[in-house]
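Accompanying notes for the structure given below.
The values are calculated or read from the model by the stated rules, or taken from the named source; none is laboratory data. Bear in mind the structure is a predicted one, so any value in this text is a computation, not a measurement. Counting neighbours? That spans all protein chains shown, and the Cβs are built from the backbone with ideal geometry, glycine included.
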Amino acid sequence: MVNSGTNWAKNLTYRAQRLHSPRSVAEVQEIVAGAARVKALGSRHCFNDIADTTSDHVSLAELPADVVIEDDVVWVGGGMRCGDLADQLAEHGRALHNTASLPHITVVGATATGTHGSGVGNASLSAAVVGLEIVRADGELVRLSPQDPDFDGAVVHLGALGVVTRIGLRVQPTFEVATTVHLGLDLDGLLANYPAIARSAYSLSVFTDWRDNVQIWAKSRVGDPVTTDFFGATPAEVPTHMLAGQPIDNLTEQLGVPGPWHQRLPHFRPDFTPSNGDELQSEYFVAAEHAPQALAALRPLGERMAGLLLTNEIRTIAADDLWLGPTQGADSVALHFTWAPDQEAVEALLPEIEAALRPFDARPHWGKVFTTEPSELRRIYPRLDDFAKLVRRFDPDGKFANDYTARILGGP
């Protein structure tokens, strides 16, 4: 056995004493039952200690990569990465309604923290979950479905309920998408027109550095009406990266060239290093109706943010009913900050960002860097105490607990 090393951003060294790579669910059950403390370890694309432990890590990367399609549901193993699943779905004429920006992360890890994608009519990837198979603290394998009364509490589970070895997702017929990047809008134009901009494509991202550099990435389903009026912004004539100075080879195709959904909805190609690599990330969600005011509230911090930002991505996501879903109960706008890898400076600035967004009940993304107090989390996530009770039922002795769950939920 070896230790687990670092997370993807290398801002955290895991403290686990052992890293297990089981090849079967039965092995997972045996490892979990015999461990004092244990956490599942996915693609490591979390920027805080949500997956840290002082005892045992379980990687599911060696589990069988079975993909089973049953009508409009696909079942996949716990180690499956989003890009690999997308390739297999496309081969069978199926699609997910939404994807993460990075195809490199695991499906189970993405859904466990509320990863979302974009689109005013598109709920998060977690909202597509229709089944979970979980190894509980005693080693028992349980299967949860939407018929279970606590299912909406178990989907975004933060790794606190057990080790998810298999997951079911709702799928639909495949479709094609074309990506066009629009340039030339300033911050005034963005703040004045964001709601209309967000409605302009099936999936849409706005990138800004808060210094009047605004990019609109419009991803339209082929066959849908195409918006050409972006309030003065014009289509880019060459492929464009959202991060200055980065090579465009790692991006999915642009310039309005149609292609399969899984080769357009993610920003990055699975066979290249995603995003910038050396970075930190934070993200906050506000109800879509408050988006213009929330953006305006951040503007006084613009120059200070710009000094640390690689880019700020702004997306709209449809509501869901998941207890810990960042978009639970309201169509929401996600304000995603990709920071330079300066942990001290980022953590010094975040309280001011959170204070500016507090009037809009901004919810932090569970897997990224935030400083929101537990009392505030309970206010803005009204089912958080219910989730803590669910955790105690699944894991009464705190086998899956760690410093993160102690801060967020209380307990050991």
- Note on the structure: Of the conditions (1) modelled with pLDDT of 95 or more; (2) more than 27 Å from Thr252 (Cβ to Cβ); (3) out of contact with any Asp or Glu (no Cβ under 9 Å at 6 or more places or on another chain), the single one that Leu191 does not satisfy is (1)
- Query: What number of residues within segment 229-246 satisfy the criterion of being part of a loop (DSSP other than H, G, I, E, B), β-branched (Val, Ile, Thr) and surrounded by 11 or more Cβ atoms within 10 Å (Cβ to Cβ)?
  - Reply: 1
- Within segment 23-46, which residues are surrounded by 23 or more Cβ atoms within 10 Å (Cβ to Cβ) and more than 24 Å from the chain's Cα centre (by Cα)? Val28, Val32
- Message: What pairs come out if I take residues in segment 138-149 that are among the polar types (S, T, N, Q) and pair them with residues that are assigned to a strand (DSSP E or B) and modelled with pLDDT of 95 or more whose C-beta lies under 9 Å away, six or more apart or interchain?
- Response: Ser145/Val130; Ser145/Gly131; Ser145/Leu132; Ser145/Gly168
- Message: Looking only at segment 186-220, how many residues end up being part of a strand (DSSP E or B) and of a type in the set (Gly, Ala, Ser)?
- Response: 4
- Which numbered condition trips up Asp49, out of (1) touching a residue at least 60 places away in the same chain (Cβ under 8 Å); (2) at positive phi; (3) more than 15 Å from the chain's Cα centre (by Cα)? (2)
- Message: Whether any residue in segment 316-333 is out of contact with any strand residue (DSSP E or B) (no Cβ under 8 Å at 6 or more places or on another chain), over 18 Å from Asn11 (Cβ atoms) and hydroxyl-bearing (Ser, Thr, Tyr) is what I want to check.
- Response: no
- Message: Suppose the filter is among the β-branched types (Val, Ile, Thr), assigned by TED's automatic domain parsing to the domain that holds Thr208, at pLDDT 95 or above and under 18 Å from the mean Cα position of the chain (by Cα); does Val333 pass it?
- Response: yes
- Run Gly121 past the list (1) out of contact with any helix residue (DSSP H, G or I) (no Cβ under 9 Å at 6 or more places or on another chain); (2) closer than 30 Å to Ile31 by Cβ; (3) assigned to a loop (DSSP other than H, G, I, E, B) and report the number of the one that doesn't hold. (2)
- Going through segment 137-155 in order, the residues found to be small (Gly, Ala, Ser) and either over 25 Å from the mean Cα position of the chain (by Cα) or outside any helix (DSSP H, G or I) (or both) are Ala137, Gly139, Ser145
- How do the strands (runs of 3 or more DSSP E) wholly within segment 56-97 filter down when requiring 1 or more residues that are closer than 22 Å to Ala127 by Cβ and within 21 Å of the chain's Cα centre (by Cα): which remain? 73-77
- For segment 11-20, enumerate the residues that are in a loop (DSSP other than H, G, I, E, B) and either modelled with pLDDT under 90 or more than 25 Å from the chain's Cα centre (by Cα) (or both). Gln17
- Just checking, which of Ala160, Ala192, Ala196 is within 30 Å of Gly259 (Cα to Cα) and small (Gly, Ala, Ser)? Ala196
- So is Ala291 in a helix (DSSP H, G or I), crowded, with 17+ Cβ neighbours inside 10 Å and of a type outside the set (S, T, N, Q) or not? yes
- Conditions (1) in contact with a strand residue (DSSP E or B) (Cβ under 9 Å, 6 or more places away or on another chain); (2) within 18 Å of Trp75 (Cα to Cα) -> Tyr194 fails only (2)
- Query: Scanning segment 28-60 for residues that are over 20 Å from Glu140 (Cβ atoms) and out of contact with any strand residue (DSSP E or B) (no Cβ under 8 Å at 6 or more places or on another chain), which turns out modelled with the lowest pLDDT?
  - Reply: His45
- Message: For the condition surrounded by fewer than 16 Cβ atoms within 10 Å (Cβ to Cβ), at pLDDT below 95, out of contact with any Lys or Arg (no Cβ under 7 Å at 6 or more places or on another chain) and part of a helix (DSSP H, G or I), what is the one hit in Asp278, Asp271, Asp249?
- Response: Asp249
- Message: Anything in segment 64-97 that is in contact with a Ser or Thr (Cβ under 9 Å, 6 or more places away or on another chain), surrounded by 22 or more Cβ atoms within 10 Å (Cβ to Cβ) and within 19 Å of Ala26 (Cβ to Cβ)? List them, or say none.
- Response: Gly77, Gly78, Gly79, Met80
- Message: Anything in segment 364-398 that is farther than 17 Å from Phe151 by Cβ and among the basic types (Lys, Arg)? List them, or say none.
- Response: Lys368, Arg378, Arg379, Arg392
- Task: State whether one or more residues within segment 21-38 are outside the structural domain of Ser282 (by TED's automatic domain parsing), under 23 Å from Ser145 (Cβ atoms), basic (Lys, Arg) and not in a helix (DSSP H, G or I).
- Result: no
